[in-house]
Structure formats: C-alpha cells, structure tokens
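Trainee: The structure is given below, and queries will be raised subsequently.
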Amino acid sequence: MSSDSYVLPVLELTLLRAFLRIASRLNVTASVWDVTALSHFCRPAGGSALPAAAAPPTDLPVSWRPTPGQLQVPHHPLLDLLPWPTARERIIRVMSLPEFVRPAAAAGPLALVEFAYDMEDGAEGMRVWGEDPIDPAGWEVGQKVFERWWFIFDRDIVEQSNRWREARGAPRLSVGGVGMYGGGGGAAEAAAALG
C-alpha cells in the first residue's frame, strides 16, 4: 500500500467541520467568530427584529430548536452550537448568573473562551462520530470537557458519551477519578440529581 492510502482523522478539524455545518444551518457562521456577538435566538423585550438574512431558521430539527434559555437569555452564539438542548439550556443559565456564584470553570471573563478550548482539545475534548453532526446521538463528551463542565451534561449525554468511549477503548467519564452513572456511589447519586 502506498503512504497515501491511509486517512487519519484530525479530531480538531472534524469538530470544526461539524460546528461550521451547524453554524451554517443556524445562520450564525459569521457571528460565532465575533467574541462580542449575541445569539439571534434571543429577543430582548422591545428589541427590534433582525433582518431576514440574519434571522434564525424556522425549519430546525426538534433537537436544534431553541430552548427557553436560548430565547430569553442573551448569550454568545457559540452556545447555540451544542447538540443537546439540555446542555444548551444549562450552560446559558449558568453563564447568565453573577460570576461569584458560577462554578469555577464558568467564572471569569474568559470562561466562554476556555469552554471553546476545552471542546476542541484534541485528546479529550468533544468528538463527532458519523457523517451527520446534526444528529446529537453522534456526539461524545471527552474527559477534559466533562471534568470542567460536568454540571451542564445530563445522564443521557453522559451515558451516550460513555458508549462511544467504550467502543473506542477509552475509560468511562469521571469526576475526580469517580465514575459517573454506574461508576460509583456518591458521585452517581449526585449526578443523578442534576439529570
């Protein structure tokens, strides 16, 4: 076999391609790169309507339709790219809290940037399996993202991610070395209260 007969996936590029496809579908491709941008899903009371070219699409699959938080709470469009409605709702609500009551990962002026860096971590960020990034079942949360942002992921997301992780021989997600949902006592009970 010639050296060009092997194709190795570059996880960061796979994730970027998935996010760009979703951003295009949501009509936020330009604004997602602007650190000062606000999601076009959110309409503050008395706010003016967006021009048709900037308006969110109305024909989204169920899992991509905006949550109450996306409609009510001003937030960056990067958060609209998460494939799970519950995770979008939770992170938007958490990021809207005063900084002094947010979890450590979500506090500080660079929290959104840190979240983006954690998601794109090549070893333990987020992964997309399959050809269709619109399908939330094809997404995996990595250990780095989970350790820092566990409070946004519900039981179904963690279990789905663990199935993908086990299929590729990676350990189950854990916080502080304690497995989640079937991995051990108190942590599973605490996490169950979140989901």
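Trainee: Between Leu110 and Leu16, what is the label-to-label distance in nm when each label sits 7 Å out along the Cα-to-Cβ direction?
Mentor: Simple spin-label model gives 2.0 nm for this pair.
Trainee: Moving to a separate point now. Identify the residues of segment 70-92 with backbone N under 19 Å of a label point that sits 7 angstrom from the Cα of Leu38 along the Cα-to-Cβ direction, or state none.
Mentor: Only 70-81, 89, 91-92 pass the distance filter.
Trainee: A further question follows. Convert 37 °C to kelvin, take the viscosity as 0.692 mPa s, use the Kirkwood radius over C-alpha pairs of segment 133-176 as Rh, and evaluate the Stokes-Einstein diffusion coefficient in µm²/s, rounded to a whole number.
Mentor: Answer, rounded: 310 µm²/s.
Trainee: Based on alpha-carbon atoms only, what is the radius of gyration of segment 84-162 relative to the globular estimate 2.2 N^0.38 Å?
Mentor: Numbers: Rg = 12.6 Å, N = 79, 2.2 N^0.38 = 11.6 Å.
After normalising by residue count via 2.2 N^0.38 Å, the value is 1.09.
Trainee: Still on this model: By the scheme Lys and Arg +1, Asp and Glu -1, what is the net charge of all other residues having a beta-carbon under 15 Å from that of Ala167? All intermediate terms of the calculation are to be shown ahead of the outcome.
Mentor: On the way: positive: Arg127, Arg163, Arg165, Arg168, Arg172; negative: Glu140, Glu159, Glu166.
Residues near Ala167 contribute +2 overall.
Values quoted throughout were computed directly from the atomic coordinates according to the rules given, and no laboratory measurement underlies them. Not measured: the values here are computed from a predicted model. Cβ sites come from the backbone with ideal geometry, for glycine too, and all protein chains shown count toward neighbours.
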